[in-house]
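Asker: Okay, here's the structure, questions in a sec.
The values are calculated or read from the model by the stated rules, or taken from the named source; none is laboratory data. Remember, it's a predicted structure, so these values are computed and weren't measured experimentally. Here Cβ is always computed from backbone atoms with ideal geometry, including for glycine, and neighbour counts include all displayed protein chains. Side chains are part of the model used for accessible areas, which takes the heavy atoms of the whole protein and leaves out ligands, DNA and RNA. Shrake-Rupley method; radii C 1.70, N 1.55, O 1.52, S 1.80 Å.
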Amino acid sequence: MSDYQTFSTKNGMGKDIFPEQIRAARGLLGWTQEDLANASGLTVRTLARIESAQTTPRQTTLEALSAALEAAGVEFIPENGGGPGVRLAHKLSRP
C-alpha cells in the first residue's frame, strides 16, 4: 500500500497522479503555483489544496492540470516499483 495520496486521471494512459508529482513537475518547469493555476484555469487556492492533499480534485480538474503540465513538456512516470515520478519529455537547452 502506498504512503502517497493518489489521484486517478484518465489522461494519456489512465495513470494516477500524486500531489508530489504535481509539485515536482512545477519544479522542473520553474513554475510557481500561480503559473500552473493560470495554465490550467484553476485558482491558486485550489491548486495549493490539491498539492497539499487537503482535497480530492474532480476528474476535470486533474485533466486540466495534467494537460497544462504535459503541454509544457512534463511526462508523468507511473508508480512501477521505483515510485511515481515526473521528467521532462525533452532535453532542456542549457547555455
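Asker: If you scan segment 60-78, which residues turn out to be open to solvent by less than 70 Å² (accessible area, probe 1.4 Å), more than 11 Å from Leu88 (Cα to Cα) and assigned to a helix (DSSP H, G or I)? Show your work before the answer.
Answerer: Filtering segment 60-78 for residues open to solvent by less than 70 Å² (accessible area, probe 1.4 Å) gives 61-62, 64-70, 72-78.
Then drop every residue that is not more than 11 Å from Leu88 (Cα to Cα), which leaves 61-62, 64-68, 78.
Thr61, Leu62, Ala64, Leu65, Ser66, Ala67, Ala68, listed by residue number.
Asker: For residues that are over 16 Å from Gly85 (Cα atoms), open to solvent by less than 40 Å² (accessible area, probe 1.4 Å) and touching a residue at least 12 places away in the same chain (Cβ under 8 Å), tally how many sit in segment 20-52. Walk me through it before giving the result.
Answerer: Step one: of segment 20-52, the residues over 16 Å from Gly85 (Cα atoms) are 30-50, 52.
Filter once more, so that each one left must be open to solvent by less than 40 Å² (accessible area, probe 1.4 Å): 36-37, 40, 42, 47-48, 50.
In the following step, the residues that additionally are touching a residue at least 12 places away in the same chain (Cβ under 8 Å) were identified as 36, 40, 42, 47-48, 50.
Residues that pass the stated criteria total 6.
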